[in-house]
1. Please pick out the residue among A:N115, A:N124 that is surrounded by fewer than 14 Cβ atoms within 10 Å (Cβ to Cβ), more than 20 Å from A:L196 (Cβ to Cβ) and touching a strand residue (DSSP E or B) at 6+ places or on another chain (Cβ under 9 Å).
2. Out of the residues in segment A:166-190 that are closer than 30 Å to A:G216 by Cβ and either under 17 Å from the mean Cα position of the chain (by Cα) or at pLDDT 95 or above (or both), state the one that is nearest to the other protein chains (Cβ to nearest Cβ).
3. Among (1) assigned to a helix (DSSP H, G or I); (2) surrounded by fewer than 16 Cβ atoms within 10 Å (Cβ to Cβ); (3) more than 13 Å from chain A (Cβ to nearest Cβ); (4) in contact (Cβ under 8 Å) with a residue 12 or more places away in the chain, there is one condition B:R130 misses while meeting the rest; what is its number?
4. Given the options A:L100, A:L104, name the one that is touching a helix residue (DSSP H, G or I) at 6+ places or on another chain (Cβ under 6 Å) and not acidic (D, E).
5. Got a sec? Which of B:L169, B:L179 is within 23 Å of B:L34 (Cβ to Cβ), away from every other protein chain (no Cβ under 11 Å), free of Cβ contacts under 8 Å to residues at least 24 places away in the same chain and part of a helix (DSSP H, G or I)?
6. Looking only at residues in segment A:18-65 that are small (G, A, S) and within 18 Å of A:A240 (Cβ to Cβ), which one is surrounded by the fewest Cβ atoms within 10 Å (Cβ to Cβ)?
7. In this structure, is B:I146 of a type in the set (V, I, T) and at pLDDT 95 or above?
Amino acid sequence: MDILLQQILNGLSIASVITLIAVGVTLIFGLTGIINFAHGEFLMVGSIVTWLAVANGISFWLAILLAMIVVAVMGFALERGLFRFTLERPTNGFIVSLGLIIVLQHIVIFFWNANQKSIPRPLNTIWEMGGVRIASVRVMVIFITAAVVAMTFVAVTRSRYGRALRASVEDRDTAALMGIPVRRYITGVFVLGSALAGLGGGLLIALFPITPFTGGTMVMKGFAVALMGGLGNLTGAVVAGLILGIVEGLSAGYGFSEWTDAYSFGLMILVLLFRPNGLFGGTSGPKMA
Amino acid sequence: MLLTISDITTGYGPTIVNRGVSLTLATREIVTVLGPNGAGKSTLLRTLAGLVKPRSGSVIFDGADVTGQAPDVMAKRGMVLVPEGRRIFTDMTVEENLRLGAYTRRDGDAIDADVKTMESFFPILAVKRRDKGGSLSGGQQQMLAIARGLMARPRILLLDEPSLGLSPLLVKEIQGIILDIGERFGASVLLVEQNAGLALSVASRGYLMQNGRIATSGPIEELRDMSLMRELYLGGVAG
């Protein structure tokens with residue numbers, strides 16, 4: 001029992017970061033049909049910003065806020081400068097994102113080299129409860145993610161903007177007929193998704209050292225989570241992220257920890273075999289006229 | 001004139017759909033555009049709503065040149081299209097659909113009141129308030145689509161084939177609703193129909209469209225009597 005809780009918390013803390021990616025990937029896909037594979041690099045940039053800020057004496061909490069802002073601005077610029085021109089053909093957006101992976105990685109390597117980077121743990125407390133050792137930093141990551149994801153969820157399901165966003169996802173033309181400025185919502189979703197990736201990057205570097213190549217593995221899992229939940233489905237991404245966290249935690253604790261990735265991708269394959277549209281049913285992206 | 005369309009030409013790719021269409025609409029007037037399938041009626045409405053950019057010609061709405069403006073801008077100006085095939089948001093509740101219709105408005109209390117108004121005007125919407133739009137029948141979806149359009153408090157409501165796929169009984173109901181729109185909501189109606197019976201019973205003036213051009217136009221009584229119209233059009237269609 002004791003080790004179980006510990007392992008699940010470990011799994012959930014990594015899954016938190018992955019869920020933050022998955023939410024961004026799924027929101028952007030739902031509205032634009034673009035699968036942004038560079039989202040992992042957005043996360044990595046978030047880690048780098050946090051690392052730079054902390055190295056310059058800024059507190060970790062301010063640093064992750066800064067990471068969110070910087071990556072959000074980057075997402076805004078990339079949407080206005082690149083992705084905007086691929087909206088009629090989302091496959092082109094996907095190809096653009098593949099190119100961006102290389103560009104972003106190498107910009108980071110050019111300025112800050114390819115070595116591993118880490119920051120001192122923002123929280124060092126280890127709670128001991130009946131033989132269970134719980135690192136507070138992991139709990140912090142889970143709580144911040146849960147809070148941010150819950151806020152995103154409420155905004156999408158309850159607010160007037162969320163309603164307009166869901167309408168735009170379902171039928172872009174008809175949403176425009178309601179007076180909804182769909183293009184502005186597309187920009188907004190890129191900015192929101194990027195901010196979440198920036199946050200994920202800040203949280204990730206609080207858990208583990210990162211390299212300029214960290215984004216690749218993270219986006220693969222983020223994409224797997226988004227697919228499992230149903231691409232374009234926010235609830236699906238969150239629930240699948242939770243499942244992934246538990247499975248990874250259990251597999252690391254009771255199975256063979258070097259097989260953790262195989263368990264998560266195996267799970268994704270199983271889900272897609274039996275439910276090709278994901279657990280909660282995905283969207284097929286925007287209808288193209 | 002509330003709306004003056006002059007010499008509008010539209011097309012998709014190499015295909016020309018509308019060729020030099022001109023039309024006017026006055027405040028609270030109900031005008032219909034009749035014509036066979038493929039005549040270019042829907043494209044004309046989609047152009048007015050901003051979904052299709054015209055190749056040439058102009059649209060003057062309430063004194064402002066609004067030619068080629070984007071659909072969200074047109075909706076904000078009060079030109080609201082109830083599209084062919086209803087295009088209800090199927091994953092969203094009836095109430096959410098209604099509230100989306102009021103997206104351009106900021107007057108929260110008045111929006112709440114208008115939701116109530118729609119629910120009394122279309123009682124079925126009150127019954128189905130919490131149901132997903134996709135669970136509604138065709139007729140109910142049409143009611144919702146019209147109500148959603150009215151939620152914008154439009155100055156011009158563009159109705160594209162509201163009778164499509166509906167039983168004669170429901171067509172009768174739609175007819176009553178269209179006649180009420182001007183009085184209850186102060187909007188003008190531009191109605192595109194293949195069902196000439198419905199169109200002729202609600203409109204005061206009409207345009208007959210054929211191969212993308214206005215073949216003839218005039219007061220509804222004249223159109224009703226026209227032998228050309230009968231031959232073109234009324235023959236095959238049940239009214």
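The values are calculated or read from the model by the stated rules, or taken from the named source; none is laboratory data. Note that the coordinates shown come from a computational prediction; the quantities given were computed from them, not determined experimentally. Please note: Cβ atoms are built from the backbone with ideal geometry, for glycine as well, and neighbour counts cover all protein chains shown.
1. After ruling out the rest, the residue left standing is A:N124.
2. Residues of segment A:166-190 that are closer than 30 Å to A:G216 by Cβ, as a first pass: A:169, A:185-190.
If we keep only those that are either under 17 Å from the mean Cα position of the chain (by Cα) or at pLDDT 95 or above (or both) too, we end up with A:185-190.
On the way: A:Y185: 10, A:I186: 13, A:T187: 14, A:G188: 14, A:V189: 16, A:F190: 19 Å.
Out of the qualifying residues, it is A:Y185.
3. In the conditions (1) assigned to a helix (DSSP H, G or I); (2) surrounded by fewer than 16 Cβ atoms within 10 Å (Cβ to Cβ); (3) more than 13 Å from chain A (Cβ to nearest Cβ); (4) in contact (Cβ under 8 Å) with a residue 12 or more places away in the chain, B:R130 misses (1) alone.
4. Selected residue: A:L104, the only one of A:L100, A:L104 that is touching a helix residue (DSSP H, G or I) at 6+ places or on another chain (Cβ under 6 Å) and not acidic (D, E).
5. Answer to the check: B:L169.
6. Restricting to residues being small (G, A, S) and within 18 Å of A:A240 (Cβ to Cβ), the top hit is A:G30.
7. The answer is yes for B:I146.
Residue-wise test of (1) closer than 22 Å to B:Q141 by Cα; (2) within 9 Å of another protein chain (Cβ to nearest Cβ); (3) under 19 Å from the mean Cα position of the chain (by Cα).
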residue	(1), (2), (3)
B:Q69	no, no, yes
B:A75	yes, yes, yes
B:V80	yes, yes, yes
B:E84	yes, no, yes
B:R87	yes, yes, yes
B:V94	yes, no, no
B:L100	yes, yes, yes
